[in-house]
1. May I ask you to say which residue of ALA200, ALA231 is small (Gly, Ala, Ser), in contact with a helix residue (DSSP H, G or I) (Cβ under 8 Å, 6 or more places away or on another chain) and open to solvent by 70 Å² or more (accessible area, probe 1.4 Å)?
2. Hey, among the residues in the stretch 8-26 that are assigned to a helix (DSSP H, G or I) and open to solvent by 10 Å² or more (accessible area, probe 1.4 Å), which one's nearest to ILE86 (Cα to Cα)?
3. (1) open to solvent by 40 Å² or more (accessible area, probe 1.4 Å); (2) in a loop (DSSP other than H, G, I, E, B); (3) within 30 Å of VAL61 (Cα to Cα): which one isn't true of LYS221, the others all being true?
4. So which residues in the stretch 43-91 are farther than 17 Å from PRO138 by Cβ, part of a loop (DSSP other than H, G, I, E, B) and either touching a residue at least 12 places away in the same chain (Cβ under 8 Å) or touching a strand residue (DSSP E or B) at 6+ places or on another chain (Cβ under 6 Å) (or both)?
5. Out of the residues in the stretch 234-252 that are surrounded by 14 or more Cβ atoms within 10 Å (Cβ to Cβ), closer than 21 Å to VAL173 by Cα and of a type outside the set (Asp, Glu), state the one that is nearest to the chain's Cα centre (by Cα).
6. Hey, does the stretch 132-144 have a residue that's within 18 Å of GLU95 (Cβ to Cβ), touching a residue at least 24 places away in the same chain (Cβ under 8 Å), crowded, with 17+ Cβ neighbours inside 10 Å and in contact with a Ser or Thr (Cβ under 7 Å, 6 or more places away or on another chain)?
7. Residue check: is ASP186 farther than 28 Å from GLY72 by Cβ and of a type in the set (D, E, K, R)?
Amino acid sequence: MTQGNQTACIVVIGNEVLSGRTQDANIKFLAQRLGDMGIPVREVRIIPDVADTIVRTINEVRAAFDHVFTTGGIGPTHDDITSECIAAAFGVPWEPQPVVWARMEAYYPTGGFNAARQRMATMPRGAVLIDNGQSIAPGFSMGNVHVMAGVPAIMRAMFEMLAPTLPVGVPVVSHTVHAPGAREGDLAAGLSDIQAKYPALDLGSYPFYRDGGAGVAIVAKGTDAAAVEAATEEVRVLFQALGVAPVEGEPA
């Protein structure tokens with residue numbers, strides 16, 4: 001299904017991310033895949049395993065965005081509370097999901113489908129399953145909220161199952177050009193003029209530092225490929241006017 005672009009929010013749930021113990025690897029993947037599908041990510045929130053925070057955040061973002069993608073908190077341990085919090089946010093019971101319960105009960109040997117694993121087969125009433133090829137326990141969707149695992153390989157497998165069910169908009173395209181030796185202060189006025197000519201684009205300036213010296217990368221991003229290329233050409237001209245040579249792509 002193709003339609004006008006919708007918006008997305010990513011909610012990363014987990015104390016381990018906020019503490020710095022775990023470096024999130026899911027935001028980049030989701031932002032790129034969703035951008036390619038024409039569902040640009042407009043906000044990312046990273047929140048703790050605290051029930052009130054999860055419920056409040058989910059209710060805020062599901063009202064503000066077309067799609068919400070959560071990662072983390074659907075495992076078997078005591079701090080995996082995302083599923084029950086989604087039920088609370090939607091005001092529905094959190095109860096055994098018959099299909100998942102039967103599947104997991106058959107999967108584990110006698111005694112293996114214990115109370116901890118039973119939590120992964122307990123979901124908000126009305127949840128639509130998101131299966132995956134990496135684990136027996138699925139994620140699920142409730143309305144416009146898509147609940148996935150925090151483990152990157154499992155999250156990606158879940159997303160690939162979910163993706164065909166999502167609306168497809170106009171893909172977000174981007175073009176990067178960088179220049180060693182460029183300085184943001186010298187570029188600022190010219191970049192402001194280019195941005196004003198292409199208000200529908202996002203024109204980002206990113207300084208970098210390498211062993212060989214510093215420079216600036218400029219990224220033009222939007223749904224109009226012709227406008228992205230036109231703006232990028234003006235960036236090349238701006239670099240040249242400042243006496244620095246533009247180089248295609250990200251700095252090595």
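The values are calculated or read from the model by the stated rules, or taken from the named source; none is laboratory data. On a predicted model such as this, the values are computed, not experimentally measured, just so you know. Cβ sites come from the backbone with ideal geometry, for glycine too, and all protein chains shown count toward neighbours. Just so you know, the surface numbers come from the protein's heavy atoms only, side chains and all, with ligands and any DNA or RNA stripped out. Shrake-Rupley method; radii C 1.70, N 1.55, O 1.52, S 1.80 Å.
1. Values: ALA231 fails: open to solvent by 70 Å² or more (accessible area, probe 1.4 Å).
The conditions single out ALA200.
2. Initial filter on the stretch 8-26 (assigned to a helix (DSSP H, G or I)): 15-18, 26.
Those left that are additionally open to solvent by 10 Å² or more (accessible area, probe 1.4 Å): 15-18.
On the way: ASN15: 17, GLU16: 20, VAL17: 20, LEU18: 20 Å.
Here the answer is ASN15.
3. (2)
4. Residues of the stretch 43-91 farther than 17 Å from PRO138 by Cβ: 43-68, 77-79, 81, 85, 88-91.
If we keep only those that are part of a loop (DSSP other than H, G, I, E, B) as well, we get 48-50, 65-66, 77-79, 81, 91.
Within the stretch 43-91, PRO48, ASP49, PHE65, ASP66, THR77, ASP79, ILE81 meet the criteria.
5. Here the answer is PRO251.
6. No.
7. Numbers: farther than 28 Å from GLY72 by Cβ: yes; of a type in the set (D, E, K, R): yes.
Criteria met by ASP186.
The rows are residues; the columns are (1) of a type in the set (Phe, Trp, Tyr); (2) closer than 18 Å to ALA149 by Cβ; (3) within 26 Å of the chain's Cα centre (by Cα).
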site	(1), (2), (3)
GLU84	no, yes, yes
ALA89	no, no, yes
PRO93	no, no, no
PRO109	no, no, no
PHE113	yes, no, no
ALA127	no, yes, yes
ILE130	no, yes, yes
GLN134	no, yes, yes
